[in-house]
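Enquirer: Below are the structure tokens for one structure; questions will follow.
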Amino acid sequence: MRIQFCGADRTVTGSSHLLELNGLRILLDCGMYQGPRDEARRLNQYLPENFKSIDAIILSHGHLDHCGKLPVIVRQGFNKTIYCTAATAEVARIVMTDAAKIQEEDADYLNRRGRAPGEDPIEPLYRSTDAAAVLKLFRRVKYAEKQDLGSGVSFTFFDAGHILGSAYVVIEWNEDGTNKRLLFTADVGRYDSPIIRDPVSIPGVFDYVITESTYGMKDHGPIDAVEPQLLDAVKFCIDRKSRLLVPSFAVGRTQTILWYVQKFIQEKTIPSIPIFVDSPMGVDVTEVTKQFRDVFDEQTLAMIGTNDLFSGSRVTLASSSQESRNINSQPGPCVIIASSPTCEFGRILHHLKQSLERPNDMVIFVGWVPPGTLGRRLQDGQKRVKVFDRFYDVRCQIRTIHGLSAHADGNELLRFLGPTLKKETAAYVVHGEEDQAEGFARRLLENGVGRAEVPAMESSVITSAKGLPGDNKGATQPAASDGD
């Protein structure tokens, strides 16, 4: 077996790993790198060597950093099957289509405003037509149903509890007369999160594990602390007949906040108030989420009965620009959930213009916000900020609720990996900034894993040279060692 690490190595974005098993070449995820423009363009144009000979792609879920480069590889000639769950196919469709539209608009803007005379026009990384071509290659696979890839290699999806449709992957094959098993965690969700089920327990011990480490050295704190904090914020705005703004990710977080507010109304802890989802992508993902009741957890199913999870209690899903503008004339109390969480772009900016100078309005952040963004400046208490072309005095209330991450923290990852924290397991730690990945590798060793490595981009690991090209050059080195 050979593993070539093609993305999300010592960083949290651009997930992609190439397996070579019994002559098959299998790509796990094909995610977009998200970062500084020039670096992102370079990394997002990178594809594994001989990528056209890849036999299949296994897609864990529909976040951009896991699916966002699929249109690139398809545009360059890949035309084999892409395996994913049915819900992932729908989420990925929305995410890739939106990404293509943004890239087309960015390229058009730069060509009109930033191109010197005589320079070649800037091309988007991919277009909407390329995203549409990916959809034709999707093969929808159910959880827990083993899929035969040929040459004695099979895989099975299990519910990862991260976002709608997310899966971790179990790959099985025979190597040199011995049965082997590899676990690709992709992104693992938190336990007891709303709407979707908890991560399914992994089935036994594995020879190899490729594990995420996004929060490998962090502790999110108890998830049951989220509800009282959010309830207090909503009640604050109800008492003052004001507006509660929630800058939010369109996928996952928007639906979670909507779930909580619906729960408050259903339990009569607050009156029925207007709730707005003001994000075209957020609306699309919310509509898709309704279609997959089979992945809802027991609490959510009991809460909604036969009703629609997101449409009752005066919920408005605003897709058009006019619908968005109408919200600004809405007096409080109301809840407005809008993209994006950084407050650098998206419809949230128009609502901030209305609310920043109102002492009774509130902006509540529901996750980590990157440094240098408008959202972080508000979080950090800056008293005067610029939105579009005007400065505003920040007089509104600013709060942050921690614990709503869709990623497991370090303790939850160890809980998830528990059955395979064994001497016979070799772990490759990816999808984490260097400090998180290195630290989590050490934690794995301390908890019983036989070997833990933090691979670098484009490095390889070869566990058996039989029938495989190359040698051990470029193999990763242990990030931490127990003396083996």
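Laboratory data are not the source of any read-out in this text; all were calculated from the coordinates shown. Treat the numbers as computed from the prediction; the structure is a model and nothing was measured. Quick reminder, even Gly has a Cβ in these numbers, built from the backbone with ideal geometry, and neighbours come from all protein chains shown.
Enquirer: Put +1 on the Cβ of every Lys and Arg and -1 on every Asp and Glu Cβ in the range 63-140; which of Gln76, Pro117, Ala89 then has its Cα farthest towards the positive end of the dipole?
Expert: Final value for the positive-end residue is Ala89.
Enquirer: Sort the following peptides by mean Cβ neighbour count (other Cβ atoms within 10 Å, averaged over residues), highest first: 52-65, 24-37, 358-371. Show your work: numbers first, answer last.
Expert: Numbers: 52-65: 22.5, 24-37: 20.9, 358-371: 18.7.
Most protected by this proxy first, the peptides run 52-65, 24-37, 358-371.
Enquirer: Let me ask something additional. Determine, from the Cβ-Cβ distance of Ser151 and Arg395 and an R0 of 60 Å, the FRET efficiency 1/(1 + (r/R0)^6), rounded to the nearest 0.05. Don't skip to the end; give the middle numbers.
Expert: Working: r = 65 Å, r/R0 = 1.09.
With a Förster radius of 60 Å, E is 0.40.
Enquirer: GluC sites (Glu not before Pro) within the range 116-217: which are DSSP loop residues with at most 10 other Cβ atoms inside 10 Å?
Expert: Sparse-neighbourhood loop GluC sites (Glu not before Pro): Glu119, Glu145.
Enquirer: Using alpha carbons only, how many degrees (0 to 90, rounded to 10) separate the axis of helix 280-290 from the longest principal axis of the chain?
Expert: Approximately 70 degrees, to the nearest ten.
Enquirer: What does the net charge come to around Asn307 if you take all other residues with beta carbon closer than 15 Å to its beta carbon, with K and R at +1 and D and E at -1?
Expert: +2
Enquirer: Extension gain Asn50-Gln34, at 0.36 nm per residue separation less the Cα-Cα distance, in nm?
Expert: Extra length available between Asn50 and Gln34 comes to 3.4 nm.
Enquirer: If you put +1 on each Lys and Arg Cβ and -1 on each Asp and Glu Cβ, how big is the dipole of the chain around its Cα centre, in Debye rounded to 20?
Expert: 1320 debye
Enquirer: For Rg and Dmax of the Cα atoms in Å, pick the label among [x] 25.1, 81; [y] 23.0, 71; [z] 25.7, 88 that corresponds to the value derived from the coordinates.
Expert: Only one listed value fits the structure, namely [y].
Enquirer: Please give the net charge around Phe236, taking every other residue with its beta carbon less than 12 angstrom from that of Phe236, where Lys and Arg add +1 and Asp and Glu add -1.
Expert: Computed value for this residue: +2.
Enquirer: If you average the alpha carbon positions of the range 96-168 and of the range 25-54, how far apart do those two centres end up, in angstrom?
Expert: Measuring centre to centre over Cα atoms gives 11 Å.
Enquirer: Moving on. Calculate one ³J(HN,Hα) per residue across the range 432-444 by plugging θ = phi - 60° into the Karplus curve 6.51 cos²θ - 1.76 cosθ + 1.60, and present them in order as whole Hz with x for glycine and proline.
Expert: x, 4, 3, 5, 5, 5, 4, x, 5, 4, 5, 5, 4
Enquirer: Taking 7 Å along the Cα-to-C-beta vector as the label spot, tell me the Leu24-Tyr191 distance in nanometres, rounded to one decimal.
Expert: Between Leu24 and Tyr191, the label points sit 3.3 nm apart.
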